[in-house]
Amino acid sequence: MPEISLVALDGEGGAWPDLVEKETQGNLIHLTGAFELAPLKAGMQSGRASVAFRFDLPDGRSVVAETSLRALYTAVRAIAARHGEEFMA
């Protein structure tokens, strides 16, 4: 199962510098619409919960990425600690 890699807590600071070249070459798809998230109660081999993200691409293909609920929760907590809104306190 893929893990979440939190590459930067300040994404605007150049988290993915390679995307500039990909965009120039026409190899970047920046989805602006909704994507879907579904919990998988026992999606991990250990029996723990996981989550699946679904992204529908403009050409009709779909991408599904999965990670553990624990990894997603940890990443969200780290981001919220740095950039959280008032309601998150």
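The values are calculated or read from the model by the stated rules, or taken from the named source; none is laboratory data. None of the values given here were measured: they were computed from a predicted structure. In this analysis, Cβ positions are derived from the backbone assuming ideal geometry, glycine residues included, and neighbour counts consider all displayed protein chains.
Taking strands (runs of 3 or more DSSP E) that fall entirely within the stretch 36-78, which contain at least 1 residues that are touching a residue at least 60 places away in the same chain (Cβ under 8 Å)? Explain how you work it out, then say what you get.
Details: elements: 36-40, 50-56, 62-68.
Counting at least 1 such residues, we get 62-68.
In this structure, is Leu19 part of a loop (DSSP other than H, G, I, E, B) and closer than 23 Å to Glu3 by Cβ? Show your work before the answer.
Details: part of a loop (DSSP other than H, G, I, E, B): no; closer than 23 Å to Glu3 by Cβ: yes.
Against the criterion (part of a loop (DSSP other than H, G, I, E, B) and closer than 23 Å to Glu3 by Cβ), Leu19 does not qualify.
Which numbered condition in (1) exposed (fewer than 13 other Cβ atoms within 10 Å of the Cβ); (2) modelled with pLDDT under 90 is the only one that Leu37 fails?
(2)
Restricting attention to the stretch 40-68, report how many residues are closer than 30 Å to Asn27 by Cα and either among the small types (Gly, Ala, Ser) or surrounded by 10 or more Cβ atoms within 10 Å (Cβ to Cβ) (or both).
Residues of the stretch 40-68 closer than 30 Å to Asn27 by Cα: 50-68.
Now restrict to residues that are either among the small types (Gly, Ala, Ser) or surrounded by 10 or more Cβ atoms within 10 Å (Cβ to Cβ) (or both): 50-57, 60, 62-68.
Going through the stretch 40-68 one residue at a time, the tally reaches 16.
If the requirement is being surrounded by 11 or more Cβ atoms within 10 Å (Cβ to Cβ), under 25 Å from Gly84 (Cβ atoms) and free of Cβ contacts under 8 Å to residues at least 60 places away in the same chain, which of these qualifies: Leu31, Leu19? Full working, then the answer.
Details: Leu19 fails: under 25 Å from Gly84 (Cβ atoms).
Every option except Leu31 fails the conditions.
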